[in-house]
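Everything below concerns the one structure shown next.
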Amino acid sequence: MIFHDVEQNTDEWFALRAGMLTGSGFGKIMANYGKAFGDPAKKYAVNIAIEQITGTPISSDYSNAHMERGHEQEPIARMRYEDEFFCDVTNGGFFESGLVGVSPDGLVDDDGVIEIKSV
């Protein structure tokens, strides 16, 4: 496993993710709607293949109010977590292993990760 200390949603982060199955895409693979390989998974597979061939990330400008709120609340939630559990949370960066990559929201001390969701 390789760790890249990059900020999420930067050009460098998008470039690292290009052509990989990422944590945010796992749901598309699982959403098969009773088929062996459903339409969301097929579209995701095509996008991954295009990124692998071109070496360029496919841009997505998709956003909604829930996503925006999550981005606004994440720093606050991280600080509250640190205060409550007496720990330090640092940049989650990007972890890759073969053609799979994940970006936790933070690394907790030397032995943990945090994934923040806002409701």
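The values are calculated or read from the model by the stated rules, or taken from the named source; none is laboratory data. Since the model is a prediction, treat every value here as computed from it, not as a measurement. Cβ atoms come from the backbone with ideal geometry, glycine included; neighbour counts cover every protein chain shown. Areas reflect the complete protein model, heavy atoms only, side chains present, ligands, DNA and RNA absent. Shrake-Rupley method; radii C 1.70, N 1.55, O 1.52, S 1.80 Å.
Does anyone have the angle between helix 39-54 and the longest principal axis of the chain? Alpha-carbon axes, 0 to 90°, nearest 10?
Here the helix axis deviates by roughly 90 degrees.
Step through the residues of segment 10-17 one at a time and calculate ³J(HN,Hα) from phi using the Karplus curve (6.51 cos²θ - 1.76 cosθ + 1.60, θ = phi - 60°), rounding each to whole Hz and writing x for Gly and Pro.
Running phi through 6.51 cos²θ - 1.76 cosθ + 1.60 with θ = phi - 60° gives 9, 4, 4, 5, 4, 5, 5, 7 Hz.
How high is the relative contact order of the chain, in percent, counting Cα pairs under 8 Å that sit 6 or more residues apart?
33 percent
Send over a whole-number figure in Å² for the accessible area per residue of the chain, probe 1.4 Å. Numbers along the way, then the final one.
Details: 8290 Å² over 119 residues.
Here the per-residue accessible area is 70 Å².
I'm spelling it out carefully: the read-out is Cα extents along the principal axes in Å, the candidates are (1) 36, 35, 28; (2) 57, 32, 25; (3) 44, 30, 25, and one was derived from this structure. Which label?
Read-out taken from this structure: (3).
Please work out how much length the chain gains when fully extended from ILE29 to ASP110, using 0.36 nm per residue of separation minus the C-alpha to C-alpha distance, in nm with one decimal.
On the way: separation 81, 0.36 × 81 = 29.16 nm, distance 3.11 nm.
Contour length minus Cα-Cα distance gives 26.0 nm.
Run lengths n ≥ 4 of DSSP H only: what is the helix-derived mean residue ellipticity at 222 nm for the chain, with -39500 (n - 2.57) per run over all residues, to the nearest 500? Please report the intermediate quantities before stating the final value.
On the way: 4 runs with 49 residues, N = 119.
Rounded to the nearest 500, the figure is -13000 deg cm²/dmol.
Taking the DSSP beta bridges in the chain as the whole, what percent of them are antiparallel, to the nearest 5? List each step's numbers first, then the result.
On the way: 12 of 14 bridges.
Restricted to the chain, the bridges split so that about 85 percent are antiparallel.
By how many degrees, between 0 and 90 and to the nearest 10, does the Cα long axis of helix 65-85 differ from the longest principal axis of the chain?
Roughly 40 degrees, rounded to the nearest 10.
Once label points are set 7 Å from the Cα along Cα→Cβ at both PHE37 and MET1, what is their separation, rounded to one decimal in nm?
A separation of 2.7 nm, rounded to one decimal place.
Per residue of segment 102-114, what does 6.51 cos²θ - 1.76 cosθ + 1.60 with θ = phi - 60° give for ³J(HN,Hα)? Whole Hz please, x for Gly and Pro, Karplus curve as stated.
For segment 102-114, the Karplus-derived couplings read 9, 10, x, 6, x, 9, 9, 6, 9, 9, x, 10, 10 Hz, x marking Gly and Pro.
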